[in-house]
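Everything below concerns the one structure shown next.
We did not get these values from a lab; they are worked out from the coordinates using the rules stated. Everything numeric here is computed off the predicted structure, so don't read it as measured data. Here Cβ is always computed from backbone atoms with ideal geometry, including for glycine, and neighbour counts include all displayed protein chains.
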Amino acid sequence: MKDLFEIIEKPQNFPYCPGCGHTSIDMALARAIFELNLEKKDVLIVSDIGCVGLVDKLFNVHTLHTLHGRSTAIASGVKMVDEVLFDNQLKTIVMIGDGGATIGLLHLVESAKLNVDITVLVHNNFLYGMTGGQHSGLTPKEFKTSTTIRGNPFEALRIIDILKNSGASFYARTFSQDPDLKDIIKEAISHRGFSVIEILELCTGYATRYNDIKGNDLKIILENSGGKIKEKIERESFGLLYKSKFFDKKSEFEFTEIEAERKINLKNPIKIVIAGSAGEGVQLASSLLCISAILGGLNSTQKNDNPVTVGSGFSVSEIIIKDGDIKYTGIEEPDYLIITSMDGLKRVKGFIERSKNIIIDESLTDNKNFIRVPARKYIKLRGGPTYFSLGVLFGKFNPFDFELYEKAILKYGKAKDETLTCFREGLNFGRKL
Amino acid sequence: MKIFTSGGELIAKGAIDAGVRFFAGYPITPASVIYEPMMRELPKVEGIAVGASDEISAISYCIGASLRGIKSMTATSGPGFSLMIESLSYAIMSEIPITIVLAQRLGPATGGATTSSQGDLLFSAFSNSGSYPLPIISPSSIEECYELIIHSVNVSEFLRTPVIFLTEKEITMTKKSIDLNFLKKPEVLERKYFSGNGQFKTYNFKDLKDVPDFSPVGGEFLTRYTGSAHDKKGDLKKDDPEVIEVLYHLKEKILKNIDKFLFYEYFERNSDILIVSYGVTSESVREIAELKKVSYLILKTLYPLKEEFLKSIFEKYKKIIVVEENIMGNLYILIRHLLGTKAYSLTKIGSLISPGEIKNFLESI
Ligand code: SF4
């Protein structure tokens, strides 16, 4: 690039009000890009909404005009990919104003935390310019705006402190007329990781209308609010961390794969509902039941039902086993209903009338029509009541070869010894019934 | 060899096979079963999967990743989708391909996290400011998740649009034995890149229905992406007829290309009754149609609808029943003007509509 004005329009063509701080910041940015000798295609300017969002047309680089507040997040998406999957050449600069900083605060915090390799220029002119000079989250105390005509009663948000504490690896605070601004921007762009510069500036359209303030006063405001800051912290960027921590283990998509061992002949589908309490192995025992059917060359489905918390309350699985294609995965009339706890009983009350056979823990009912079993005796063992009850089902009804269920436990189960013991105890109990 | 898996896992597998290499998510039932396998599997194929701080960040990351040229996807449910809507509008306006899996649960608001539902069709069809059309594709079985997520990613890529993959808790979270060999894998399609011939404009098209050739941010050709009203170059403008032309183009490129993503299953029987359904309820319809010898139409492209095509089917029947698991009869509302006089809406919430319930309804009319 020979000429600065290859990348930026002449200031006389800028759309901002005369004297607006945006002009100085844009020019400082252009000079920084020029002096860093970056190629146009290696620079992306991501703009937010507001006067600051008029920047796109001024720069002859890649530009991306986004939504209010979302510029940082969208830029981060671009840069995550550029850093990890491409050659990390793209310098991504986010231009936000007061609104972008507050609406997008969580995005700024998150990108700082992840140390995404972007540079954010916060244009802090203490108010919302484009919409008519209303106060913003960055408006200083006592500052007058169209909506705080007697002076803002509240303190301004200290954006740089927030981002510093969120893990920004480069952060600076200065003002638009600072002769060092260009060099600070250069440093920020060259830094690998999240960099942010808060730049105090003047909205000549509105700030001057309500306050007795001139451009030179920015320096005083800066000094009175903590002074100039520039810090750099060595920390690995998102892309470096991602590549080193994630890209190591290569393997196939992990499915639960099952090779059928034999072909069971099953005339009618089997429909089983297992109802118990969360944390008592209902879902895993049910999955193993489905797997045992697959080992026998059959098809199976498992539809689960639980409250929002998986660790408390009921846990219900509906299992269909069929020689052939299963379509509807719900159960209207279970062949077998297993109930191992009060939580489960309450949940499946509606099923009781419609079930052919009911296996239930003996503590839950006196009804002689049910098969009452001592399932909860096995509560100390992992999934005890469920595996015991399933054993009873196999022992009494022999829906298909019980050995397949034992194989499923051994190959795909957890706490295999405990569950196998419970299942076998149930099996013996069931056989004697 | 069989696998024992869920719709959620198959969506993840299909997305990766479709070339998705960027995923951003935030946990939400019943879409976490897509988020988790994507976090586990994407790094294995040198893709990026990130957990975002909320759903707005998730979709924004996807938009950014897609702009850099990588196929991107996120997955959520009603409450999270509500947060994504502004960004979804942005992706429509700035013509950015992304796939959003919307796994429905009982609404409104946080509703019932672990209760199946089909209440979000109208919500998602009209979820952008300005009401521009965007494709909604919905699997009608667990195994179909694989095939249709690939189609969804394809459509988003070649039409440069967000696509909603609309599914339900009982599809994403229910497990089923599946023969991997029987999964259908459609051809994977790509967005068309600008070749370097002629002048590059970010939103260039000749005919309104044309999809502009893509060039990534950071690529060789300088791009100007925007979500504000713009001309073909991407310059923010107001009083220019080209801006209005670009807006009409956003509609035409979807509606005029509808044949490229018209997915359905029409089972014709010698009957004067037709059942129309979609999503998880389709399985009950298939089961009962077998027994009662009625015809059925399962829609897998739910929006936009090809009206003349639907009409040509509906005309053949004396009675049409639209079955779906929601309160208002979402699909019924979308198609009722095409149905003719003897049309019925069978709806229910709280649990799946069973084949028995459809049977009873059929016997009552
Ligand atoms: S209104 Fe304020 S911020 Fe906007 S261009 Fe004018 S001076 Fe600048």
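Within the range A:100-147, if we keep just the residues that are within 13 Å of the ligand (Cβ to nearest atom) and within 14 Å of another protein chain (Cβ to nearest Cβ), the residue that is nearest to A:S166 (Cα to Cα) turns out to be A:G100. Can you pull out every residue in the range A:199-235 that is acidic (D, E), in contact with a Ser or Thr (Cβ under 8 Å, 6 or more places away or on another chain) and exposed (fewer than 15 other Cβ atoms within 10 Å of the Cβ)? If the condition is that a residue be acidic (D, E), in contact with a Ser or Thr (Cβ under 8 Å, 6 or more places away or on another chain) and exposed (fewer than 15 other Cβ atoms within 10 Å of the Cβ), then A:E234 is the only one that fits.
Within the range A:1-59, restricting attention to residues that are part of a helix (DSSP H, G or I) and among the hydroxyl-bearing types (S, T, Y), the residue that is surrounded by the most Cβ atoms within 10 Å (Cβ to Cβ) is A:S24.
When the criteria are applied in full, B:A65 fails the requirement of being under 20 Å from the mean Cα position of the chain (by Cα), assigned to a strand (DSSP E or B), buried (at least 24 other Cβ atoms within 10 Å of the Cβ) and facing chain A (nearest Cβ under 8 Å). Every test in (1) within 13 Å of another protein chain (Cβ to nearest Cβ); (2) assigned to a strand (DSSP E or B); (3) in contact (Cβ under 8 Å) with a residue 24 or more places away in the chain is passed by A:T63 save one, and that test is (3). Scanning the range B:69-89 for residues that are surrounded by 24 or more Cβ atoms within 10 Å (Cβ to Cβ) and in contact (Cβ under 8 Å) with a residue 40 or more places away in the chain gives B:I70, B:K71, B:S72, B:M73, B:T74, B:A75, B:T76, B:S77, B:G78, B:F81. Of all residues in the range B:208-261 being of a type in the set (A, V, I, L, M) and in contact with a Ser or Thr (Cβ under 7 Å, 6 or more places away or on another chain), which is nearest to the other protein chains (Cβ to nearest Cβ)? The selected residue is B:V217. Just give me the residues in the range A:129-153 being touching a residue at least 24 places away in the same chain (Cβ under 8 Å) and either of a type outside the set (S, T, Y) or in contact with an Asp or Glu (Cβ under 6 Å, 6 or more places away or on another chain) (or both), in sequence order. Those that are touching a residue at least 24 places away in the same chain (Cβ under 8 Å) and either of a type outside the set (S, T, Y) or in contact with an Asp or Glu (Cβ under 6 Å, 6 or more places away or on another chain) (or both): A:G129, A:M130, A:G132, A:G133, A:S136, A:G137, A:L138, A:P140, A:F143, A:K144, A:I149.
So, of the residues in the range A:292-323 that are closer than 25 Å to A:E406 by Cβ and free of Cβ contacts under 8 Å to residues at least 40 places away in the same chain, which turns out to be surrounded by the fewest Cβ atoms within 10 Å (Cβ to Cβ)?
Looking only at the range A:292-323, we keep the residues that are closer than 25 Å to A:E406 by Cβ, and these are A:292-304, A:315-323.
Remaining after also requiring free of Cβ contacts under 8 Å to residues at least 40 places away in the same chain: A:294, A:297, A:299-304.
Working: A:I294: 25, A:G297: 16, A:N299: 22, A:S300: 27, A:T301: 24, A:Q302: 26, A:K303: 23, A:N304: 22.
Checked the range A:292-323; the qualifying residue surrounded by the fewest Cβ atoms within 10 Å (Cβ to Cβ) is A:G297.
Just to be sure, is A:M80 within 16 Å of the ligand (Cβ to nearest atom), hydrophobic (A, V, I, L, M, F, W, C), under 28 Å from B:M93 (Cα atoms) and within 14 Å of chain B (Cβ to nearest Cβ)? Explain how you work it out, then say what you get.
Values: within 16 Å of the ligand (Cβ to nearest atom): no; hydrophobic (A, V, I, L, M, F, W, C): yes; under 28 Å from B:M93 (Cα atoms): yes; within 14 Å of chain B (Cβ to nearest Cβ): yes.
So A:M80 fails the test.
Just name the residue that is farthest from A:I118 (Cα to Cα) out of those in the range B:41-55 that are part of a helix (DSSP H, G or I) and more than 7 Å from chain A (Cβ to nearest Cβ). Steps first, answer last, please.
Our first condition is that a residue be part of a helix (DSSP H, G or I); within the range B:41-55, this holds for B:41-45, B:55.
Right, trim to more than 7 Å from chain A (Cβ to nearest Cβ) and you get B:42, B:45, B:55.
Numbers: B:L42: 23, B:V45: 25, B:E55: 21 Å.
Among those that are part of a helix (DSSP H, G or I) and more than 7 Å from chain A (Cβ to nearest Cβ), it is B:V45.
Look through the range A:219-239, keep the residues that are outside any loop (DSSP other than H, G, I, E, B) and touching a residue at least 60 places away in the same chain (Cβ under 8 Å), and return whichever of them is nearest to the chain's Cα centre (by Cα).
Kept after step one, since they are outside any loop (DSSP other than H, G, I, E, B), are these residues of the range A:219-239: A:219-224, A:229-232, A:238-239.
With the extra rule that they be touching a residue at least 60 places away in the same chain (Cβ under 8 Å), the set shrinks to A:221, A:229, A:231-232, A:238-239.
Values: A:I221: 38, A:I229: 32, A:E231: 29, A:K232: 28, A:F238: 15, A:G239: 17 Å.
Among those that are outside any loop (DSSP other than H, G, I, E, B) and touching a residue at least 60 places away in the same chain (Cβ under 8 Å), it is A:F238.
Screening A:T23 with (1) within 16 Å of the ligand (Cβ to nearest atom); (2) of a type in the set (S, T, Y); (3) under 22 Å from B:H230 (Cα atoms) gives one miss only, at (3). Against the criterion of being closer than 20 Å to A:V120 by Cα, in contact with a His (Cβ under 9 Å, 6 or more places away or on another chain) and away from the ligand (no atom under 13 Å from the Cβ), A:K228 does not qualify. B:A12 meets all of the listed conditions (1) within 11 Å of chain A (Cβ to nearest Cβ); (2) not in a helix (DSSP H, G or I) but one, namely (2). Any residue at all in the range A:77-94 that is touching a residue at least 12 places away in the same chain (Cβ under 8 Å), in a loop (DSSP other than H, G, I, E, B), touching a strand residue (DSSP E or B) at 6+ places or on another chain (Cβ under 8 Å) and under 30 Å from B:P43 (Cα atoms)? Yes: the range A:77-94 contains one or more residues that are touching a residue at least 12 places away in the same chain (Cβ under 8 Å), in a loop (DSSP other than H, G, I, E, B), touching a strand residue (DSSP E or B) at 6+ places or on another chain (Cβ under 8 Å) and under 30 Å from B:P43 (Cα atoms).
Would you check which residues across the range B:152-191 are in contact with a helix residue (DSSP H, G or I) (Cβ under 7 Å, 6 or more places away or on another chain) and more than 30 Å from A:I321 (Cα to Cα) and list them? Across the range B:152-191, the qualifying residues are B:V153, B:V155, B:L159, B:T161, B:P162, B:V163, B:I164, B:V188, B:L189, B:E190, B:R191.
Scanning the range A:243-259 for residues that are surrounded by 15 or more Cβ atoms within 10 Å (Cβ to Cβ) and more than 7 Å from chain B (Cβ to nearest Cβ) yields a single hit, A:K243.
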